[in-house]
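As structure tokens, the structure follows; a few thoughts come after it.
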Ligand SMILES: [Fe+2]
Ligand SMILES: [Fe+2]
């Protein structure tokens, strides 16, 4: 029991750091590092920043989801694969931080709420068993890919840097989705998918602004 409390305290501390720490480098290079900044007007810049704030919040959720799941799920052989995916998500978080800074903007103030929610969902999915836990990852990543694809269409053609970052993230989220599926994910029931969709709509529409 004490161990669990201790672990939870550690997790809360980590979570707060993911939400507040604006680290700009994790392991891999920034995909837009050698690119020049095209001149964007105020509307284009604010739109890119709003969408990157949403993506940043999504990456905060990804950390929470993977960490929540790691606390309760066994995951056996695929554990290493999940740890690797979580590492890639940390690169994504760093890239979103850096792009937001370049656009003179800030992450969402709601991130601690999203973190807490996603952590609990990840831990619950883990308790439901590995196949459900993987199913939750698969569905989350699928929804993220859809969002990123929408963002690629909405961002100004001039903002090539943001597009390059989102493109790389989209490819990697897609492979996280495929990995979860190949590892034996159960497909989530439609009502669950719908709830996830609704929650993510609330998350994206608010984080775009604040
Ligand atoms: Fe990601
Ligand atoms: Fe992912």
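Just so it is clear, none of the values below were taken in a lab; they were calculated from the coordinates. All of these numbers come straight from a predicted model, not from anything done at the bench. Every residue, glycine among them, receives a Cβ derived from its backbone with ideal geometry; neighbour counts consider all protein chains shown.
In degrees, nearest 10, range 0 to 90: what is the angle between the Cα axis of helix 111-127 and the longest Cα principal axis of the chain?
30
By per-residue mean of other Cβ atoms within 10 Å, what is the highest-first order of 134-140, 21-27?
Details: 134-140: 24.0, 21-27: 12.7.
Going by the mean number of other Cβ atoms within 10 Å, highest first, we get 134-140, 21-27.
Please report the relative contact order for the chain, taking Cα pairs under 8 Å with a sequence separation of at least 6, and give it as a percent rounded to a whole number.
Details: 255 pairs, mean separation 63.4, N = 210.
Computed over the chain, the figure is 30 percent.
GNM on the chain, C-alpha springs below 10 Å: top fluctuator among 44, 178, 77?
Comparing 44, 178, 77 in the GNM, the peak value goes to 77.
With angles folded into 0 to 90 degrees, how steeply does helix 42-72 sit against the dominant principal axis of the chain? Use alpha carbons for both and round to 10.
With rounding to tens, the tilt is 10 degrees.
Pick from 177, 69, 168 the residue whose mean-square fluctuation is largest in a GNM of the chain, springs joining Cα atoms under 10 Å.
168
Quick check on the exposure proxy: order 40, 93 from fewest to most C-beta atoms within 10 angstrom. It would help to have the intermediate numbers written out before the result.
Working: 40 19, 93 24.
With the sparsest Cβ surroundings first, the list reads 40, 93.
Please check: in the Gaussian network model of the chain (C-alpha springs, under 10 Å), which one of 158, 106, 142 has the largest mean-square fluctuation.
Comparing 158, 106, 142 in the GNM, the peak value goes to 158.
Using only Cα atoms, tell me the angle between helix 130-154 and the longest principal axis of the chain; keep it within 0 to 90° and round to the nearest 10.
10
Pulled fully out, how much extra length does the chain show between residue 199 and residue 14, if you take 0.36 nm times their separation in residues and subtract their Cα-Cα distance? Before the final figure, lay out each step's value.
Working: separation 185, 0.36 × 185 = 66.60 nm, distance 2.33 nm.
Gain on stretching residue 199 to residue 14: 64.3 nm.
Taking just the alpha carbons, could you work out the radius of gyration and Dmax for the stretch 41-207, both in angstroms?
Reported Rg and Dmax, both Å: 15.5, 50.
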